[in-house]
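Chemist: The structure follows.
The values are calculated or read from the model by the stated rules, or taken from the named source; none is laboratory data. This one's a predicted model, so the numbers in the text were calculated from it and none came from an experiment. Because the Cβ atoms are built from the backbone with ideal geometry, glycine has one as well, and the counts that use them run over all protein chains shown. What goes into the accessible areas is simple: the full protein's heavy atoms, side chains included, and nothing from ligands, DNA or RNA. Shrake-Rupley method; radii C 1.70, N 1.55, O 1.52, S 1.80 Å.
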Amino acid sequence: MTITVLPLSSRKHLLNIALCLALMWGIYDALMGPDLVSDLRSFTGRYGAYLLLVSLLFTPLSQRWLWVKRHLALRRNIGVWGFIYASVHVVVWIALEFAFDWQLMVDEIGGNLFILLGILAFVLLLPLAATSNRWGLKKLGYRSWQSLHSLTYIAIAAVMAHFFMAQKSDVLEPLLLGCVLVAVLLWRYRHAH
Amino acid sequence: MLIKSSEITSEMVFNKRRRLIAAGLAVLALPAVDKGYALLLQKQEQAKQPFPPLASMPELIPEVLEPTPLNIITNYNNYYEFGYGKDDPSKAIKSLITSPWTVDIGGVGADKPGLYDIAEIKGEYAIENHVYRFRCVEAWSMVIPWNGIKLADIIRAAQPNSKAKFVRFTTLNDAQQMPNAGWSGGAYVEGLTIAEAMNPLTLMATGIYDKTLEQQNGAPIRLVVPWKYGFKSIKSIVKIELVEHMPQNTWWKQNDREYGFYANVNPRFDHPRWTQATERVIGQLGRKPTLLFNGYGDQVAHLYPDPDNRLYFY
């Protein structure tokens with residue numbers, strides 16, 4: 001059975017399975033590598049950022065390509081997985097990198113703006129992830145839900161700024177992602193409906 | 001296509017959405033604002049802080065150093081000539097020809113210059129074992145059991161004269177043997193003051209864990225200066241010169257705002273973009289506080305009479 005004849009619901013399941021497997025592979029790869037902490041932190045941070053950015057690309061690209069429009073429903077899954085990767089990223093930082101040493105964490109945040117940006121991004125993503133379902137839409141009502149989910153733009157901008165500023169020397173990747181994000185934000189600003 | 005009136009986004013949400021998009025764009029500008037502010041701060045002097053007496057920190061200096069496992073030491077490396085990633089140097093083809101290898105020892109400050117084969121160097125001097133902390137400027141660290149020769153022995157053999165104020169080291173730079181040889185626009189260069197070079201801690205390492213150095217660790221011979229940030233411990237050395245003037249080391253040349261000549265480890269002086277107060281021990285969980293002079297203050301603090309001067313610590 002080829003992908004093209006699968007119903008959308010099955011494609012959603014496939015996507016979920018694929019992204020779950022990817023995360024598990026990332027954890028395995030980090031465990032096998034020389035430094036579990038930095039490898040896992042990098043993996044979840046990088047691919048979490050990619051997933052979140054991809055979820056934003058759906059709307060502008062759906063105007064261009066019909067197959068994107070048909071898969072619009074996958075946007076939510078990708079966004080939520082981006083949040084899941086981000087959560088693992090945060091857990092790794094708190095539990096593995098800093099081993100729950102809160103004072104050390106506070107000191108580190110104080111000395112590094114990029115960590116504060118990461119925290120801002122995560123805090124904004126929390127209610128977005130929590131309401132990315134039918135229950136959320138029903139509870140909030142369409143208008144409020146739309147308002148709340150407009151926070152996505154700030155959250156993902158904070159993610160990209162965090163990614164960029166966290167680099168020691170390799171800024172090309174976050175810079176490119178940032179450019180894509182700027183393009184999306186400008187497009188959305190123009191076409192806000 | 002008819003749109004139901006309920007589907008039309010209310011004006012309030014429309015405006016709010018636009019405002020949030022604008023806010024998003026503003027957040028993206030934050031790194032630029034931060035950099036601008038940092039440049040402004042660079043004009044101001046670092047706040048003077050009292051020099052902490054080394055005796056107050058004995059509990060932070062462990063008596064027994066636990067060496068990092070070899071597979072970690074050989075798989076987590078910064079050696080940009082073989083790629084920018086931490087795993088690039090170990091994954092790269094072993095294209096570096098480490099035998100034969102000669103080290104050219106000379107310069108105006110050397111009365112007895114010479115071209116030494118690596119085998120000669122290893123044969124001439126006693127190989128010692130030293131377990132040192134290694135602290136990268138990126139705020140990660142390892143503990144490495146080096147095998148090597150005191151740099152002081154090698155310099156003495158070159159008969160330094162009064163012109164020998166500094167020592168300048170050069171790495172091999174060969175595009176045939178190194179896939180990313182041109183990353184810094186020339187050969188990697190490092191330097192020490194003659195006093196730092198003659199310090200008993202300073203090592204010319206030829207092995208780790210009694211095994212010959214691997215390509216990714218700077219084979220066949222590299223410098224180890226444990227009280228300084230790791231980029232000072234230059235790899236794959238082909239030339240050592242005793243010179244009169246302070247050499248401009250590569251990272252200082254690359255980015256003089258963030259990397260200087262002395263680069264002594266000091267948790268009080270942050271890198272412009274990150275703190276140096278703590279470090280990640282590679283292969284372990286958690287972070288630990290960074291030690292002044294990486295814990296080697298007893299042997300080297302006397303070399304730096306002005307402990308409040310950022311010049312020595314970046």
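Chemist: Could you check region B:205-285 for strands (runs of 3 or more DSSP E) lying wholly inside it with 3 or more residues that are within 14 Å of chain A (Cβ to nearest Cβ) and either modelled with pLDDT under 95 or under 23 Å from residue B:156 (Cα atoms) (or both)?
Modeler: B:278-281
Chemist: Among the residues that make up region A:25-42, is at least one of them open to solvent by less than 40 Å² (accessible area, probe 1.4 Å) and under 14 Å from the mean Cα position of the chain (by Cα)? Steps first, answer last, please.
Modeler: Just the residues of region A:25-42 that are open to solvent by less than 40 Å² (accessible area, probe 1.4 Å), to begin with: A:26, A:30, A:33-35, A:37-38, A:40.
Filter once more, keeping what is under 14 Å from the mean Cα position of the chain (by Cα): none.
No, region A:25-42 contains no residue that is open to solvent by less than 40 Å² (accessible area, probe 1.4 Å) and under 14 Å from the mean Cα position of the chain (by Cα).
Chemist: Starting from residues that are among the hydrophobic types (A, V, I, L, M, F, W, C) and facing chain B (nearest Cβ under 9 Å), keep the ones in region A:167-185 and report whichever is surrounded by the fewest Cβ atoms within 10 Å (Cβ to Cβ).
Modeler: Top of the filtered list is A:182.
Chemist: Just checking, does region A:51-59 include any residue being among the aliphatic types (A, V, I, L, M), more than 13 Å from chain B (Cβ to nearest Cβ), more than 23 Å from residue A:6 (Cβ to Cβ) and touching a residue at least 12 places away in the same chain (Cβ under 8 Å)?
Modeler: No, region A:51-59 contains no residue that is among the aliphatic types (A, V, I, L, M), more than 13 Å from chain B (Cβ to nearest Cβ), more than 23 Å from residue A:6 (Cβ to Cβ) and touching a residue at least 12 places away in the same chain (Cβ under 8 Å).
Chemist: Give me the helices (runs of 4 or more DSSP H) completely within region A:1-91, filtered to those with at least 1 residues that are among the small types (Gly, Ala, Ser), ordered by residue number.
Modeler: Because the criterion is at least 1 residues that are among the small types (Gly, Ala, Ser), the helices (runs of 4 or more DSSP H) in region A:1-91 that meet it are A:8-32, A:36-64, A:74-91.
Chemist: Another question, if that's okay. Which pairs have Cβ atoms under 6 Å, sit 6 or more apart or on different chains, and link a residue in region A:138-149 that is modelled with pLDDT of 90 or more to one that is assigned to a helix (DSSP H, G or I) and open to solvent by 40 Å² or more (accessible area, probe 1.4 Å)?
Modeler: Qualifying pairs under 6 Å: A:145/A:137; A:147/B:16.
Chemist: Residues that are out of contact with any Leu (no Cβ under 9 Å at 6 or more places or on another chain), at pLDDT below 95 and either among the aromatic types (Phe, Trp, Tyr) or within 27 Å of residue B:71 (Cβ to Cβ) (or both): does region B:155-166 have at least one?
Modeler: no
Chemist: One residue is enough: does region A:152-163 have a residue meeting the conditions of a type in the set (A, V, I, L, M, F, W, C) and under 23 Å from residue B:289 (Cβ atoms)?
Modeler: Taking every residue of region A:152-163 in turn, none turns out to be of a type in the set (A, V, I, L, M, F, W, C) and under 23 Å from residue B:289 (Cβ atoms).
Chemist: Ok, one more. From the list A:113, A:72, which residue is within 18 Å of residue A:184 (Cα to Cα) and open to solvent by 40 Å² or more (accessible area, probe 1.4 Å)?
Modeler: The conditions single out A:72.
Chemist: Just to be sure, is residue A:119 of a type in the set (Val, Ile, Thr) and either at the interface with chain B (Cβ under 7 Å from one of its Cβ atoms) or in contact (Cβ under 8 Å) with a residue 24 or more places away in the chain (or both)?
Modeler: no
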